[in-house]
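One structure is given below, encoded as structure tokens.
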Amino acid sequence: MQSSNFPTIFSITEDEIDLNELLAKITLTSTGAAAIFTGMVRGETARGEAHQTDYLEYEAYIPMAEAKMKQVAEEIRATWPVIEGIAIVQRIGKLFPKTPTVLIACTAAHRDTGVFDAARFGIDRLKEIVPIWKKEVSPDGQFWVEGDYIPKPGE
Amino acid sequence: MNINHVKLLFFATLRERAGTKFLEMDLPNDLTILELKEKISTEHPNLKESMKSVLITINREYAFDEAVIPQNAEIAMFPPVSGG
């Protein structure tokens, strides 16, 4: 199969992330492996300054975020041409502990193709260049979470 | 034409400090991003501090101080991203 026919899904949504539906869309007859990363709202944080979280409120610059997700998928394909399907989905709105907020899944023929690294790269890159922000609301007040990555020209 | 009519979008902390998601502005032609930041610092004192670390995009691509703002651009201003 030509790589141009490989499915790429990217979206910002207010709806629940449906892993099974997404996985079905990026599974081809040649697929034998999928690496899936999903992040969720953590209600109790132990690392660093221990604290509790009531909920997170996400917002996105939707048209640019979807364009940058497409760019992340293109970067994955440039580094790992054997990757078959890619799904990148970010849920926005008010999300409570234990709720999945983001999903990145990559499929390939076999597990030793770089498929784990590809999914890892995808979530790391999303956190660098895709315009999404979250405000944390806790018993102690609320604050915006800010990243520390400054995009470079061409990113 | 010597006026550039642009849309300016704010997100996250910038949106809260600006008190709005969206502004329309008339800019002089050939204004750079650096000059826009200076103009906003002067006209919107609430945003002056934010201009030091703000990320800016022109037509949905990251843009830097030297970039010249094209006609009818969609400009966005926001803090470093924190998705996931």
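Every read-out reported here was derived from the displayed coordinates using simple, explicitly stated rules and does not represent laboratory data. For clarity, every value in this text was computed on a predicted model and none was experimentally measured. We place every Cβ from the backbone using ideal geometry, glycine too, and count neighbours over all the protein chains shown.
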Considering only region B:8-84, percent of DSSP beta bridges that pair antiparallel, nearest 5: 75
Relative contact order (%) - region A:77-116, alpha-carbon pairs under 8 angstrom, separation at least six: 47
Likely footprinting exposure, B:Leu8, B:Leu14, fewest C-beta neighbours within 10 Å first: B:Leu8, B:Leu14
Region A:3-143 - Rg over Rh from alpha carbon coordinates, Kirkwood radius: 1.01
Per principal axis, descending, Cα span of chain B in whole Å: 41, 27, 21
Spatially proximal lysines relative to B:Lys21 (Cα-Cα < 20 Å; intrachain offsets below 8 disregarded): A:Lys94, A:Lys134, A:Lys135, B:Lys7, B:Lys37, B:Lys39, B:Lys48, B:Lys52
Relative contact order (%) - criterion: Cα under 8 Å, at least six apart; region: chain A: 33
Relative contact order (%) - criterion: Cα under 8 Å, at least six apart; region: chain B: 40
Spatial extent of the protein assembly as shown: Rg and Dmax, with the Cα atoms as the point set, Å: 19.6, 60
Nearest-ten-degree value, helix A:62-79 long axis tilted from longest Cα axis of chain A: 50
Residue order, fewest to most beta carbons within 10 Å, for B:Ser53, B:Ser82, A:Ser11: B:Ser53, A:Ser11, B:Ser82
Per-residue Cβ neighbour rank within 10 angstrom, fewest leading, A:Val72, B:Val68: B:Val68, A:Val72
Extent along principal axes [Cα atoms of region B:27-74; Å; largest to smallest]: 26, 21, 17
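To the nearest 0.05, what FRET efficiency results for B:Thr20 and B:Glu61 with a Förster distance of 35 Å applied to their C-beta separation?
With R0 = 35 Å, the Cβ-Cβ based efficiency is 0.95.
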